1. Please tell me if Ile103 is open to solvent by less than 10 Å² (accessible area, probe 1.4 Å) and not hydroxyl-bearing (Ser, Thr, Tyr).
2. Going residue by residue through the range 479-493, is there one that turns out to be open to solvent by less than 70 Å² (accessible area, probe 1.4 Å) and either aromatic (Phe, Trp, Tyr) or touching a residue at least 60 places away in the same chain (Cβ under 8 Å) (or both)?
3. For the range 497-522, how many residues are within 19 Å of Val452 (Cβ to Cβ) and out of contact with any Ser or Thr (no Cβ under 6 Å at 6 or more places or on another chain)?
4. Determine, yes or no, whether Phe219 is open to solvent by 40 Å² or more (accessible area, probe 1.4 Å), among the aromatic types (Phe, Trp, Tyr), at pLDDT below 65 and part of a helix (DSSP H, G or I).
5. Please work out which residue is farthest from Pro151 (Cα to Cα), limiting yourself to the range 48-61 and to residues that are touching a residue at least 40 places away in the same chain (Cβ under 8 Å) and in a helix (DSSP H, G or I).
6. Going residue by residue through the range 404-411, is there one that turns out to be in a loop (DSSP other than H, G, I, E, B), of a type in the set (Val, Ile, Thr) and at pLDDT 70 or above?
7. Quick check on my filter: what residues within the range 318-347 are closer than 25 Å to Leu410 by Cα and open to solvent by 10 Å² or more (accessible area, probe 1.4 Å)?
8. If Leu111 satisfies every condition in (1) hydrophobic (A, V, I, L, M, F, W, C); (2) in contact (Cβ under 8 Å) with a residue 60 or more places away in the chain; (3) closer than 23 Å to Leu22 by Cβ; (4) open to solvent by less than 10 Å² (accessible area, probe 1.4 Å) but one, which is the exception?
Amino acid sequence: MIESILNAKNNEVLIEKERFTLYMGEMLRVCIGSIFIGLPLFSFIFLPQAYRYSFSVWFAFDIVLLLSVFFTFYGFYKHNGRFTDSMWKKISDIPILIFSFYIASAPWLWLQTEVDIYFYTMFIMVISLTGTITHSISYYFSRQALFSTLPILSLLIKFYTMESHNHFEIYIVVLLVLAGLIAFSHRINKSLTNAIVLKIEHLQARANAERVNAEKSQFIAAASHDIRQPLQAINLLVDTLKSRNTNSKDGILFERLESSVDSMSELLNSLLDVSKLDAQVIIPQPKHLCLTELLLKLQGELEPLAKAKGLNLRVEAENITAVADVILLEQVLNNLLSNAIRYTEHGGIILSAKKESEKITISVRDTGIGVNILDQEAIFLEFRQLHNQERDKSKGLGLGLSIVKRLCALQNWPLSLDSELGIGSCFSFTIPQGDSELIQVVEKVDINKNLVAVDVIIIDDHEGVRFSLSNMLRSWGCKVRTFDCADRACEELRSFPEWQPNLIISDYRLRENLTGIEGIAQIKKELKSEAESIIISGDTAPDIIKKIEESGLIVLHKPIKPAKLRVVLSRKMKSIIEND
């Protein structure tokens, strides 16, 4: 109850603030236009028959109005904080009152003849000038009534003092015009108020949606981090145990363990991909590549999954060179192919690439269940799965196509879907053609070399991760010391000055709200020689991902596959390994 009352009061304050801001903007334009265009017309039309002092008085009024408008609106826009909103409303009344009095003085300064043409011209000009400002001033109905009444009342009194035979008819017309202006202003006031209320409600709804989305992201990031920690330990322990296994009968057990860990890692990595896109830290690095080789590589990796379901996975492509970020392109195709295999029960999948002008169209066509035309937009939404109401974990989280759409949009790859329910689907997108002579040969890394020259500091407050990671690194030949915080590592370095590690691996979240970036900097300060650094993070919050990327350090996201970690270590420590 109290919360709803507070919200209602907050809404009233926001509506009033928006109304006054719009009102000031409209009035500024109207006042400037009237001062420099509308009001000077009176002197141009009526000067020949006016009093000799009329022009001087009228010009003085013009200067006074101009100064009041300047100081009021300059103060409002440049020094708004000097007064409260209620005080600014009172101050803003000053130009309106001067403006109203200015128009009201026109019949008395300029109309000094009984000639009908001047008489009716004055009538039309006062009514027109009063009506012109109606829309702008109608944000506040009371101001409109005040502004309109004085000029029209002055006009009526002036007509009464003149010798005319149609006073009654003129009074009726003027009063009808005044009533029309007030009625019109009232309708405008209601329309403007409703528009402002709708705008505030829309902004609040949007803010609430963003808040809910932020809370959702924060919860997912926290849950993801807490799950990744033990999963990382399991992942590394399984690899270490598998390397030491001598019983061939246990091979199947280890394969199933790895499969379970990989399934969980795949789900978590989908969340990570979404977070990276939200954080806008994915920067495409397009290069010339042999597209056919990439397609055949994907076929080799995913064909076992297709054959397990009795499906035929076929590649149709010439020797084509493309320009693309190979990692992002592989991710898009991997998601599309995995999705096709997941929702196809018979027939097969065709992965094709065709040259069209200066573009290459890549398609993934399947004979699966298809998508209804009404649902073809919905399947690209996050966490949306049309055919997984039972939430079968083997079908993922419903993020694959959302990631595909966002990655294609990021690289300006037009994405399309042609699908028919019960017949199958075809996802297509286009990428630029490349030049085969510009393909760069990637240097291969020998990951089988012994890492005995690598001396590692591990910083992680999770005991399971420290244990599993240190055991795996030792099995590769590394010398390892583990610590639960950077301070302990620094103490050890001071106690053993001859010890000079050459690699620091740190978790991002450390104790006492210290980050891995800060922890690494602290350790490097103690070291007498330079050391390479790697951040290992279980965080998927967009702001944290962005902060880590901006640090310039190598970042690996938990759970890390041992093979990937070994490749990174072999590349990072290449000179040390080869010189050993």
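The values are calculated or read from the model by the stated rules, or taken from the named source; none is laboratory data. Computed from a predicted structure; not experimentally measured. Quick reminder, even Gly has a Cβ in these numbers, built from the backbone with ideal geometry, and neighbours come from all protein chains shown. The protein model used for the area step is the full one, side chains on, heavy atoms only, and it has no ligands, DNA or RNA in it. Shrake-Rupley method; radii C 1.70, N 1.55, O 1.52, S 1.80 Å.
1. On the way: open to solvent by less than 10 Å² (accessible area, probe 1.4 Å): yes; not hydroxyl-bearing (Ser, Thr, Tyr): yes.
Yes; evaluated as a whole, the condition is true for this residue.
2. Scanning the range 479-493 turns up at least one residue that is open to solvent by less than 70 Å² (accessible area, probe 1.4 Å) and either aromatic (Phe, Trp, Tyr) or touching a residue at least 60 places away in the same chain (Cβ under 8 Å) (or both).
3. 6
4. Yes, satisfied.
5. Gln49
6. Scanning the range 404-411 turns up no residue that is in a loop (DSSP other than H, G, I, E, B), of a type in the set (Val, Ile, Thr) and at pLDDT 70 or above.
7. Just the residues of the range 318-347 that are closer than 25 Å to Leu410 by Cα, to begin with: 320-340.
If the condition is that a residue be closer than 25 Å to Leu410 by Cα and open to solvent by 10 Å² or more (accessible area, probe 1.4 Å), then Thr321, Val323, Asp325, Val326, Ile327, Leu328, Glu330, Gln331, Asn334, Asn335, Ser338, Asn339 are the ones that fit.
8. So the condition that Leu111 fails would be (3).
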